[in-house]
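A.B. asks: The structure under discussion is supplied below as structure tokens; questions concerning it will follow.
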Amino acid sequence: MSSASSPVIRELGVPVKAVNWVRLHPGRGPDGGPSLLASMGQNNGGLFVLDINLEIGKCRQCNAPSAAQQYPTASFRSPATGILYIGAHTDGHLLRYDPAHPERGLEDLGAIDGDQAIFPTGITEAPDGSLWIGAYPGCGLTRYDPATGEFRRLGSVDPVDKYLYPLAGNDGSLAAMVKMVQPHLVAVDPATGAFKAVGPRITNPEDKSQRLLFYKGLDGRLYLESHAGNFRLRGLELEPVSFLPPAMPGIHATYKHGYQEVLPMPGGLIAAWADGEEGAGLFRQLRLTSTQPDVAPRTLDLDWEGGGSNIFMLHRGPDGCIYGSSFLPEHLLRYNPATGETVNLGRCSVSLGEAYTMGNFSDGTMAIASYPHSRVSLYDPRRPYRFGTDETANPRDIGRLDQIGIRPAGMAIVPPLKKADGTDVPEKMWIASLPDYGLWGGTLAWLDPKTGAHASHRHLVPDCSPFSLLWLPELQLLLVGLSTEGGTGTQIKAKHGAFVLWDPAEDRAVYTGDFGLADLPSIQALAPAGPGRVYAQLSHSRFAAKTMGVEDVRPRIALIDVAARRAIAESTLPEDYGIMPDQAQHCVFAGPDAAYGLTEHVLYRIKPGTCETAVVHRLAEGDGFEAPGPWLGRTFYFGSRWRLRSLTLP
């Protein structure tokens, strides 16, 4: 395409500047007085640490040395030294902030264990001052010696599972919880690095009667509360106990993401978020109370500066505005094309992860489906914004539709129908979800927003997950594209994806198969291609190719005559189109004059009636179509990491 006819790219701003993986770290400062640190993650500018002035709320902000260090997935403040250590995702480095030497900032101590530790899961401190660090995806354990700066990498402690959460006891004992497929405890000899599995394990994560709670008690010893009894760790063995002490305050137990917020600082001061995960998810206000009854509570306003949160997905709302979700934390954003106004509306789900998909009901309300747990929120743009779970909240989080789905990749709104016997079926929202961590077989669920009635179906094809949805009005059927992915932490079992045609009036499948397409990978996205015809994008997700033991394949486009139950054309995307974006569930879609698709850097048009593609625009390195959105006329809206942008055809 010549420069004279090139699309016009516009920058529309950075809609959300919020933080994730937020933890408070109370302790004793260098002067012996109360000290409070906070660790916060973000995308633009990397994670950062706040050293908070407890008198006025002024913050010393220390950003990570590398922009790749975005998420403080593991953090630990040493009770002995007051130093804060952070295991950073996405590069798997260990960072350090010493409040006694703030001029050093946030120091990079090096890689924990290369590609086997890109997501640090937990940090614990042994009596000798050494740190033990667990990590994903290698299920690996690493020892770091602060005195020498040396890493001792012990490697994986389990051949199947990927997550590891360590704890050290005051008696010199050391153990780690392995998760997610068959959770169990591994005892470790700190001197030799030898380890062995001990105690009961969870053989079926869906069996809620099986439980393992591993924690450090008030007495400094390590305990396991389980469905098979209660135990205390002694060396490399578990011994039964009749009494379990409470968990030690301030210690990151392996079944919790955050510290218990009851740990007083010197003088009895206790800090908790006034607007954190239980509220607006803003993390701007600290509530300070005291164990001393004559000290009045007070609230501090913090002055940290955010750089920007990645945009996860975008959607055209019923009012013509562009709505979208930021990524960790999930805030709902709105862009008004008529005025150019961009607004961060705030929290829209209990989940606080990200909205995977949205849809519009005929009455002008929106459905928002969010990770984790595929929670559903209902929002009316015509009413004042007030998030909550009560009857008058807007948006209102109404909860899960089943206990299996966690990542709601696809959504379709199906209009009112009639069953074969003449019974009326109301308008429903349908959601396709990947399963929870450690599980296989996702769910296809529906919701009647008027009554709250809902139902869910699983294993439409064994070990596959509903992923992409498209309502076909001319056939009165719902087309479901199945992914081979299981839950995070699993290895793929299913050899091929599949298609299912679902009759939403009768709530049953009428066809399951491949439409004649060979070697089907996952069906990532679906788009209308004319009456009775559909485009399907076929590939494995980047996440599955990296972590789930599946061979990566070049993405393919297929044109399917659904009524005839056969594919009529197919092509592989050219190599120079590059790789798919991380969020591939929206990578083929209807455009103003044809179906369009995208890779991470290329927007392409599909010639109608064929699978021939032509490049519409190629983004430069450093930019990407990470969050594809809707078309409004000849303008396409999308997110490039934290930036909202648009592309207008000539």
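Taken together, the values in this text are just the output of simple stated rules run on the coordinates, not laboratory data. Being a predicted model, the structure only gives us computed values, none of them experimental. Cβ sites come from the backbone with ideal geometry, for glycine too, and all protein chains shown count toward neighbours.
A.B. asks: Using 0.36 nm per residue of separation minus the Cα-Cα distance, give me the extension gain between Q476 and R634 in nm, one decimal.
C.D. replies: Answer, rounded to one decimal: 54.0 nm.
A.B. asks: Determine the dipole magnitude for the chain: charges of +1 sit on the beta-carbon of Lys and Arg, -1 on that of Asp and Glu, nothing else is charged, the reference point is the Cα centre, and the result goes in debye to the nearest 20.
C.D. replies: 520
A.B. asks: First measure r as the distance between the Cβ atoms of Q182 and A393, then evaluate 1/(1 + (r/R0)^6) with R0 = 30 Å and state the FRET efficiency to the nearest 0.05.
C.D. replies: According to the calculation, E is roughly 0.15.
A.B. asks: Let me check I've understood the local charge: for N170, count other residues with C-beta under 15 angstrom from its C-beta, Lys and Arg +1, Asp and Glu -1. What total comes out?
C.D. replies: After counting each charged neighbour, the total is 0.
A.B. asks: Moving to a separate point now. Can you show me the helix-derived [θ] at 222 nm for the chain, built from DSSP H runs with n ≥ 4 at -39,500 (n - 2.57) apiece and divided by the number of residues, rounded to the nearest 500.
C.D. replies: 0 deg cm²/dmol
A.B. asks: Then there is this: HN-Hα J couplings of the stretch 137-144 from phi, Karplus 6.51/-1.76/1.60, θ = phi - 60°, integer Hz, Gly and Pro as x?
C.D. replies: Listing the rounded values in order: x, x, 6, x, 10, 10, 9, 10 Hz.
A.B. asks: Tell me the Kirkwood radius of the stretch 102-234: reciprocal of the mean inverse pair distance over distinct alpha-carbon atoms, in Å.
C.D. replies: 15.3
A.B. asks: Mind listing the phi-derived Karplus ³J(HN,Hα) values for the stretch 428-441, rounded to whole Hz, using 6.51, -1.76 and 1.60 with θ = phi - 60°, and x for any glycine or proline?
C.D. replies: 9, 9, 10, 10, 9, 10, 6, x, 5, 3, x, 10, 10, x
A.B. asks: Here is a follow-up. About the Cα centre of the stretch 112-256, how large is the charge dipole given +1 on each Lys and Arg Cβ and -1 on each Asp and Glu Cβ? Please answer in debye to the nearest 20.
C.D. replies: Using Cβ point charges on Lys, Arg, Asp and Glu, the stretch 112-256 gives about 260 debye.
A.B. asks: By per-residue mean of other Cβ atoms within 10 Å, what is the highest-first order of 36-42, 345-351?
C.D. replies: Per-residue Cβ counts within 10 Å, averaged per peptide and sorted highest first, yield 36-42, 345-351.
A.B. asks: While we're here: Of G41, P249, T357, which is farthest towards the positive pole of the chain's charge dipole, taken about the Cα centre with +1 and -1 on the beta-carbons of Lys, Arg and Asp, Glu respectively?
C.D. replies: Positive-end residue among those listed: T357.
A.B. asks: Here's something else I'd like to know. Given charges of +1 on the Cβ of Lys and Arg and -1 on the Cβ of Asp and Glu, with all other atoms neutral, how large is the dipole of the stretch 405-618 about its Cα centre, in debye to the nearest 20?
C.D. replies: In total the dipole reaches around 40 debye.
A.B. asks: Can I ask one more? Under 28 Å between alpha carbons, and skipping anything fewer than 8 positions from K495 in its own chain: which lysines qualify?
C.D. replies: K162, K179, K546
A.B. asks: Can you tally the net charge around L154? Count Lys and Arg as +1, Asp and Glu as -1, for every other residue whose Cβ sits under 15 Å from the Cβ of L154.
C.D. replies: Once all neighbours under 15 Å are counted, the net charge is -1.
A.B. asks: Which Cα, out of G193, T121, G140, lies furthest along the positive dipole direction of the stretch 112-256 (beta carbon charges, K/R +1, D/E -1)?
C.D. replies: Going by the Cα projections, it comes out as T121.
A.B. asks: How many nm is it between the label spots at E107 and T648, if each spot is 7 Å from the Cα in line with the beta carbon?
C.D. replies: The answer from the label model is 5.3 nm.
A.B. asks: Starting with the highest mean, order 76-85, 207-216, 372-381, 470-479 by the number of other Cβ atoms within 10 Å, averaged over the residues of each peptide.
C.D. replies: 372-381, 76-85, 470-479, 207-216
A.B. asks: For E225 and S209, compute 0.36 nm times the residue count separating them, minus their Cα-Cα distance, and round to one decimal in nm.
C.D. replies: 4.5 nm
A.B. asks: Report the gain in length on full extension from S6 to R60: 0.36 nm times residue separation, minus Cα-Cα distance, nm rounded to one decimal.
C.D. replies: Between S6 and R60, full extension yields an extra 14.9 nm.
A.B. asks: Per residue of the stretch 335-342, what does 6.51 cos²θ - 1.76 cosθ + 1.60 with θ = phi - 60° give for ³J(HN,Hα)? Whole Hz please, x for Gly and Pro, Karplus curve as stated.
C.D. replies: Coupling constants for the stretch 335-342: 10, 9, x, 6, 10, x, 6, 10 Hz.
A.B. asks: Still on this structure, I have one more. Taking the Cβ of H184 as the centre, find all other residues whose Cβ is under 10 Å away and add up their charges (Lys, Arg: +1; Asp, Glu: -1).
C.D. replies: Surrounding charge for H184 is 0.
A.B. asks: Give the peptides 518-525, 606-613 in descending order of average Cβ contacts within 10 Å, highest first.
C.D. replies: Result, highest mean Cβ count within 10 Å first: 518-525, 606-613.
A.B. asks: Report, as a whole number in µm² per second, the diffusion coefficient that Stokes-Einstein gives for the stretch 405-618 at 4 °C and 1.567 mPa s using the Kirkwood radius over alpha carbon pairs.
C.D. replies: 75
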